[in-house]
Every structure is written in structure tokens, then in C-alpha cells.
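**Q** Pasting in a structure now, in C-alpha cells, and then I'll have a few things to ask.
The values are calculated or read from the model by the stated rules, or taken from the named source; none is laboratory data. Computed from a predicted model, the values in this text were never measured in an experiment. In this analysis, Cβ positions are derived from the backbone assuming ideal geometry, glycine residues included, and neighbour counts consider all displayed protein chains.
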């Protein structure tokens, strides 16, 4: 008995696929006349959609979501560049503030040093004649007045020297020394600032000393250059060192 072979005739699947595609095209044309387009069309991109196992009766249309999924990622370098710019601007701002602080400090120090110059040189002019003068008839009084203008180790050194050397010598020879700051023709005392900082000023003075004693006939005049170091204290500017040049 001849075998009966059941199955699909050749070309059946192709005809069914063509029929389904025709129906889909007809429905799309019909929707195009009856309904307004809900989504904008996007040109210039091909979207691949996997077909079901048995084919489509009405093939779907691609949606905007398909294009959004395939869209290239946004440039991730922009946030990085913004962060880098923020860091650079922050560093420049910090450097600018530091420069302003340094300039402000230097300006303030300069103003303080200028004020110190004037105050220290005035104190030196007042102190020099007292510190460099004495009279054997009232040594204790003279030395006490001088110590008022002194400070630090120099004050202690002055006390020891006047007690052990200057005082006994002055009493023995009846010594009298009168010091005065030299004044040029203009009348201003001859004093100048060698160096200055807010807390210490070195002053150069031209001092004339007239000495009388039993060791000399008449009076002897000594023209001296004296360098005085003036230091700021809680009681004003005081002499912290004296050097004869």
C-alpha cells in the first residue's frame, strides 16, 4: 500500500509569510489614514528585532525606546573636567589669599618698624646723657637715674661696673663727666637709626663728653660715637646694650 505523506506543501510557509506581511502593510496604511502618529519617526537607524518562532501575523513597528537603548552614552569627561577646573580655581584662590596675607603682614611689620624707629631714637636721645654722665659728689643718685633707662642683662652689668670700677675711681679722683649729644649746625641732635624691627632698634649717636678730675688740668672733651641698642619693654623703649666705636 503506498505510504501517505502528510506535511506542508512546498511554498506554503512562504505564501503564509507574504500574506501576513501584506495584511500588516494594509493595517499600517489604514492606521496612517485613521489615527495620527503618536511617536515621531527616526531616520537613519536600523533596528533588529528577533522574530517569533512561527513568524508574525502582524509585524511590530519599532518604538523610540529601541533607539534610546542604542543611543551612545553621554560624554563622561565633562564632569571630570568640571572637577579639575574646580580644583584649579580653588588652588588659585588659596594662593591668592596667601599672597594677600603675606603682603598684609609685611605692610603691617613695615608700619610697626617705622613707628619703632621714631620712638626708639627719641628714647635713645633722652637716655644717653643720663647713662653716660655722673658726678662723684652724688654717684648713687646718678647711677640710680641711669638704671631707669636700662633693661635686661645690660642693666645688671651696668650695676656691677659702676659699683666696682666707675664709682671708686670717680670718688678717688673727684671725677665729673657730663655727656651731651652733639648737634650739627641745623640744631637737631646727631642720631640715626642703623637697623630697626618692631621690637629692637639700633641707634648711632655722636656724644660729646666733658671730663673733669684731679688727673687732668682743666676739662677734657671727648668726641665719641656710641651705638645704643634699644629694646621694647612693657615700660617703653629701654637701652639693652652700649658700644663705644
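**Q** Tell me yes or no: at least one residue of region 177-198 is in a strand (DSSP E or B), in contact with a strand residue (DSSP E or B) (Cβ under 6 Å, 6 or more places away or on another chain) and farther than 20 Å from residue 230 by Cα.
**A** Yes: region 177-198 contains one or more residues that are in a strand (DSSP E or B), in contact with a strand residue (DSSP E or B) (Cβ under 6 Å, 6 or more places away or on another chain) and farther than 20 Å from residue 230 by Cα.
**Q** Just to be sure I understand, how many residues within region 166-180 are more than 57 Å from the chain's Cα centre (by Cα) and crowded, with 19+ Cβ neighbours inside 10 Å?
**A** So the count comes out to 2.
**Q** Within the group 174, 149, which residue is touching a helix residue (DSSP H, G or I) at 6+ places or on another chain (Cβ under 7 Å), modelled with pLDDT of 95 or more and more than 23 Å from residue 245 (Cβ to Cβ)?
**A** 174
**Q** Does region 115-146 hold any residues that are surrounded by fewer than 18 Cβ atoms within 10 Å (Cβ to Cβ), modelled with pLDDT under 95, touching a strand residue (DSSP E or B) at 6+ places or on another chain (Cβ under 8 Å) and farther than 20 Å from residue 225 by Cα, and which are they?
**A** 119
**Q** Oh, and also: Would you check if there is a residue in region 177-193 being farther than 20 Å from residue 245 by Cβ, touching a helix residue (DSSP H, G or I) at 6+ places or on another chain (Cβ under 6 Å) and in contact (Cβ under 8 Å) with a residue 12 or more places away in the chain?
**A** For region 177-193, residues farther than 20 Å from residue 245 by Cβ, touching a helix residue (DSSP H, G or I) at 6+ places or on another chain (Cβ under 6 Å) and in contact (Cβ under 8 Å) with a residue 12 or more places away in the chain: absent.
**Q** (1) at pLDDT below 95; (2) out of contact with any strand residue (DSSP E or B) (no Cβ under 9 Å at 6 or more places or on another chain); (3) crowded, with 17+ Cβ neighbours inside 10 Å: which one isn't true of residue 217, the others all being true?
**A** Of everything listed in (1) at pLDDT below 95; (2) out of contact with any strand residue (DSSP E or B) (no Cβ under 9 Å at 6 or more places or on another chain); (3) crowded, with 17+ Cβ neighbours inside 10 Å, residue 217 misses just condition (3).
**Q** Select, from 205, 223, the only residue that is surrounded by 19 or more Cβ atoms within 10 Å (Cβ to Cβ), assigned to a strand (DSSP E or B) and either within 46 Å of the chain's Cα centre (by Cα) or touching a residue at least 40 places away in the same chain (Cβ under 8 Å) (or both).
**A** 205
**Q** Next question, about the same structure. Report yes if residue 210 is without any contact (Cβ under 8 Å) to a residue 60 or more places away in the chain, over 27 Å from residue 234 (Cα atoms) and in a strand (DSSP E or B), otherwise no.
**A** Yes; evaluated as a whole, the condition is true for this residue.
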